[in-house]
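Following: one structure in structure tokens, then a few remarks.
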Amino acid sequence: MDKLRQNWDLLQMTTKIITLCIIIYLLTIGIEYFYQTSFLQSLIILGANVNYLIWNGEVWRLLSAVFLHGNIIHLFVNMYSLNNIGNEIEYVFGKWKLLFVFILTGILGNFVSFFFSVWSFAEYGFVNPLLFPHISVGASGSIFGLLGYILGKKLNERKLMMEGKFLNVDMNSLITVLVLNLFIGFTVPNIDNNAHIGGFVFGIILSLLM
């Protein structure tokens, strides 16, 4: 056990987050199999972003939903994206800043998703979440948050260099991450692009503040 703990401590934060997401995905499958329930129900049990449950006080779902994924493709694309962006942010800014930005933009992105699921700027205005339930999962909001953060820092690279830091960012890689996640958002059920946009905007804001 001590050896396992030591090996875990040596892992980069990016790798720890990826490992955690994979474990939780396997746990979701395990619950589906052992309890003979649907995969969607397993996601709800583990903390999917469900608007009427959050409305009734289960605000912890804004965080837990970040680590859940709708299927293996969703998981793979998100972890591929996180590996591309997270390692660079961790190397330049440190593991705790990576974790802070990942979690905060994920929560805020999910809040944006929740907000737009119970409020419509169309003709009817407020939408009762009990009548129109909305379910979403995924680390995409956090990944877009990291993407917004790193792009914000890159656009202000002169200040970054004055602090003795340098971002070795491949813009083609960032564009690939952006396109992949937008594609997933439009094609995979239970994924909300509102969370993507929210995470991205808050990531840019954080890049200006810290």
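The values are calculated or read from the model by the stated rules, or taken from the named source; none is laboratory data. Keep in mind the model is a prediction, meaning the values are calculated, not measured. For neighbour counting, all protein chains shown are included, and Cβ atoms are generated from backbone atoms with ideal geometry for every residue, glycine included.
Taking helices (runs of 4 or more DSSP H) that fall entirely within the stretch 88-191, which contain at least 2 residues that are surrounded by fewer than 17 Cβ atoms within 10 Å (Cβ to Cβ) and either touching a Phe, Trp or Tyr at 6+ places or on another chain (Cβ under 7 Å) or at pLDDT 70 or above (or both)?
95-118, 140-155, 171-187
Every residue in the stretch 68-87 that is outside any helix (DSSP H, G or I) and among the hydrophobic types (A, V, I, L, M, F, W, C), please.
LEU68
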